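Report on one structure; see the data block that follows.
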Amino acid sequence: MLNGKKILVMGVANQRSIAWGCAQAITQAGGEVIYTYQNDRIKHSLSKFVPETSLLVECDVSDDAAIEQTFAEIKAKVGQIDGIVHAIAYANPEELEGKVYETSRSGYLLAQEISAYSLIAVAKYGRDLLKPNGSIVTMTYFGSERAVPNYNVMGIAKASLEASVRYLARDLGADQIRVNAISAGAIKTLAVTGVKDFRSLLEESEKRTVDGQSVTIEEVGNVAGFLLSDMATGVTGDIIYVDKGVHLQ
Ligand SMILES: NC(=O)c1ccc[n+]([C@@H]2O[C@H](COP(=O)([O-])OP(=O)(O)OC[C@H]3O[C@@H](n4cnc5c(N)ncnc54)[C@H](O)[C@@H]3O)[C@@H](O)[C@H]2O)c1
C-alpha cells in the first residue's frame, strides 16, 4: 500500500508510542520511515530499536526555527516526501487534574502550542516537501468532544487540533495534500501517564470497547497507513475513530 513512499513520523518516544505503531505499519506496507525526535534523551531511546539505517532528525516543535531547520535537513538528505505522521502532544501534569477553571494561562498556552499549533507549523514547513497526493495524519482523542475526567486542558487543545485539521485540509487541498486525524482510544503510553488517575481512564475506556479489549498501537498504525496511502485519496479534513467503539457507548 505504501511501496516507494517516504513518510516522516514525528513523536516516537519509545516502543509504546502510537507513532511507533504507525512506523511499523508503514514499514510493513512497504514505506520508508524518517523519524524526528524531541531531544537527545529520546534520540538515545529511539536509536535502540529503530532500524540502523533510519534517518533521525531532531525537532522540538516549541521552536519555529527548529521546525524549519528539520524540514531543510530532510529536504537536503531525502528530497520530497509523501506523508507526515504528527503524534505529538504535551500539557503540564498539574493541568491534567482538578477543575478546568483552575487552568493557568501559561498551562493553557503550552498545551495549545505543543498539541495543536505544532500541526499548523509542521504543515507550513512540510508543505514544500510534500509531493502531490501527500497526506498528513495527526492523533486526537475523544476528550475533545466530551468532558473526560482530568483530561481538561488537553481536551480543549484536541478540539483546537481537530478544527485545525479541517482548516488545513481546506487550505492544502489546492496543493493536493490531505489532512486527517485519527481519534485513538485510550492506550497506555508515556503521554497518558501525565493524566491524573490515568489507570481509571484506561480501565473505563477498555470497559466501553465493543469487545472489552483496548485498541492497540498496531491497530491505530494500520489506519494511519491507510490514510497515508493512495487508497484514501477521497478522505480529507476528517476525524476517524480507531477506538474499538468507545465513542459509541
Ligand atoms: N495514548 C492515548 O491514549 C492517546 C489517545 C488518543 C490520542 N493520543 C495522542 O497520540 C499522540 C502520541 O501520544 P502517545 O500516546 O503515543 O504518547 P508518547 O508519550 O509516546 O508520545 C508523545 C510524543 O510527543 C513528543 N513531544 C512532546 N513535546 C514535544 C515537543 N516540544 N517537541 C517535539 N515532540 C514533543 C514526545 O517526545 C513523544 O514522542 C499524542 O498527540 C496523544 O495526545 C494518545
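The values are calculated or read from the model by the stated rules, or taken from the named source; none is laboratory data. If you're wondering where the values come from, they're calculated on a predicted model, not measured in any experiment. A quick note on method: Cβ atoms are made from the backbone with ideal geometry, for glycine too, and the neighbour counts reach across all protein chains shown. Accessible surface areas use protein heavy atoms only, side chains included; no ligands, DNA or RNA. Shrake-Rupley method; radii C 1.70, N 1.55, O 1.52, S 1.80 Å.
Overview of results
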read-out	value
Heavy atoms of K196 accessible to a 1.4 Å probe, total area in Å² rounded to 10	110
Spin-label pair E97/E203, simplified geometry with 7 Å Cα→Cβ offset, distance in nm	1.7
Residue-by-residue Karplus 3J(HN,Hα) for the stretch 33-38, coefficients 6.51, -1.76, 1.60, Hz, glycine and proline x	10, 10, 10, 10, 10, 6
For the stretch 6-243, size of Cβ-based charge dipole, Lys and Arg +1, Asp and Glu -1, in debye	80
Additional length obtainable on full extension of the chain from R105 to D60, 0.36 nm per residue less Cα span	14.0 nm
The stretch 6-243 shape via C-alpha gyration tensor axes, a/c threshold 1.5	rounded
Residue-normalised accessible area of the chain, expressed per residue, 1.4 Å probe, Å²	47
Whether the stretch 146-244 is rounded, prolate or oblate, judged on the alpha carbon gyration tensor where a/c under 1.5 counts as rounded	oblate
For V179, residues with placed amide H under 5 Å, excluding near neighbours	I136, G237
Once the Cα gyration tensor of the stretch 39-93 is diagonalised, semi-axes √(5λ) in Å	20, 17, 11
Candidate residues M154, M1: accessible-area rank, largest first, probe 1.4 Å	M1, M154
Accessible-area order (highest first, 1.4 angstrom probe) of the listed residues F71, F49	F49, F71
Contour minus Cα-Cα distance for D128 and K188 (0.36 nm per residue)	18.1 nm
MRE, 222 nm, helices only [DSSP H, n ≥ 4, -39500 (n - 2.57), over the chain, to nearest 500]	-11500 deg cm²/dmol
Residue list for the stretch 59-97, given a label point 7 angstrom along the Cα-to-Cβ vector of I120 and an amide N cut-off under 14 Å	64
Pairwise centroid distance, computed over Cα atoms, of the stretch 26-102 with the stretch 109-146, Å	12
Cα-projected label distance for D230 with Y167, points at 7 Å along beta-carbon direction, nm	3.3
Above-threshold pairs, the threshold being 28 Å between Cα atoms, out of K99/K188; K77/K188; K6/K43; K43/K207	K77/K188; K43/K207
